[in-house]
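J.: Below is the structure I would like to discuss, written out as structure tokens.
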Amino acid sequence: DRYASYKNFSDAQKLQLFKVLLRDIAADWWDGLDPSTVDTIAKAKDLFTKRFITNELMKWKKATELFELVQGPSESVDDFVAKMKKRAKSVPLTDDVLRFALVKSLRPHIRKHIIENNCQNLEEAFTHARAVELTEPLQASSVDKLAEEMRANHKLFEAELRKISDRFASVSVTA
């Protein structure tokens, strides 16, 4: 919309741009519409909003997806919070609910710090999360922890494999 306004697009040009920007399910949905029912950009936006944005089922789905997000091992707090806030725009959430979703989704050591410090709002939780992240290089890195865990699991796996191999070797095959 901003680009089209900047370029002084006509309604017809805006409608063409709208069509071009649709992807995947939205593009398939558009292709299934009767062209005579969508002859203005206002109608296109209205239909799109009804289909993809304001639908209660879609709100539920987006809220569920928001609570299923998990901060990646190398994803910064800033990037993760930006992603969450962007997704939360389409779901009517209070700041408290968004804060709960954020805290639940952060890496465990960051989550622990936020809970221990009893952060009362989203901005406070975000500030504490960033502070923990900035001190991470002073702690054992998550990659080092993961490597150590993998080494321990590998040793356990080798021990179990030896036991199975020894049992197999002790079994005599007779014909």
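J.: List, please: which pairs have Cβ atoms under 9 Å, are six or more places apart or on different chains, and start with a residue in the range 76-89 that is more than 14 Å from ARG111 (Cα to Cα) and end with one that is of a type in the set (Asp, Glu) and not in a helix (DSSP H, G or I)?
T.: LYS83/GLU75
J.: Can you name the residue in the range 13-38 that is out of contact with any helix residue (DSSP H, G or I) (no Cβ under 8 Å at 6 or more places or on another chain) and more than 28 Å from ALA88 (Cβ to Cβ) and, of all such residues, is most open to solvent (accessible area, probe 1.4 Å)?
T.: ASP31
J.: Looking only at the range 133-145, how many residues end up being at pLDDT below 70, within 25 Å of the chain's Cα centre (by Cα) and surrounded by 10 or more Cβ atoms within 10 Å (Cβ to Cβ)?
T.: So the answer is 4.
J.: Can you work out which of the residues in the range 61-105 that are of a type in the set (Val, Ile, Thr) and surrounded by fewer than 17 Cβ atoms within 10 Å (Cβ to Cβ) is farthest from THR49 (Cα to Cα)? If you could, list the steps in order and put the result at the bottom.
T.: Step one: of the range 61-105, the residues of a type in the set (Val, Ile, Thr) are 64, 70, 77, 81, 91, 94, 97, 103.
After this cut, where a residue has to be surrounded by fewer than 17 Cβ atoms within 10 Å (Cβ to Cβ) as well, the list is 64, 70, 94, 97.
Details: THR64: 19, VAL70: 28, THR94: 22, VAL97: 24 Å.
So, considering only residues that are of a type in the set (Val, Ile, Thr) and surrounded by fewer than 17 Cβ atoms within 10 Å (Cβ to Cβ), the one farthest from THR49 (Cα to Cα) is VAL70.
J.: To continue, here is another question. Quick check on my filter: what residues within the range 47-105 are within 24 Å of LEU33 (Cβ to Cβ), part of a loop (DSSP other than H, G, I, E, B) and not small (Gly, Ala, Ser)?
T.: The initial filter retains those residues of the range 47-105 that are within 24 Å of LEU33 (Cβ to Cβ), namely 47-59, 61-62, 90.
When the remaining residues are screened for being part of a loop (DSSP other than H, G, I, E, B), the result is 54-55, 90.
THR54, ASN55, listed by residue number.
J.: A follow-up question, please. Residue under question is VAL97, and the condition is that it be β-branched (Val, Ile, Thr) and in contact with a helix residue (DSSP H, G or I) (Cβ under 8 Å, 6 or more places away or on another chain); does it hold?
T.: Answer is no for this residue.
J.: Can you run down the residue pairs with Cβ atoms below 8 Å, 6 or more apart or on separate chains, where the first is in the range 1-21 and without any contact (Cβ under 8 Å) to a residue 24 or more places away in the chain and the partner is assigned to a helix (DSSP H, G or I) and open to solvent by 100 Å² or more (accessible area, probe 1.4 Å)?
T.: Note: pairs meeting the criteria are LEU17/TYR3.
The values are calculated or read from the model by the stated rules, or taken from the named source; none is laboratory data. Just so you know, these numbers come straight off a predicted model, no measurement behind them. In this analysis, Cβ positions are derived from the backbone assuming ideal geometry, glycine residues included, and neighbour counts consider all displayed protein chains. We work out accessible area using only protein heavy atoms, side chains counted, and drop any ligands, DNA or RNA first. Shrake-Rupley method; radii C 1.70, N 1.55, O 1.52, S 1.80 Å.
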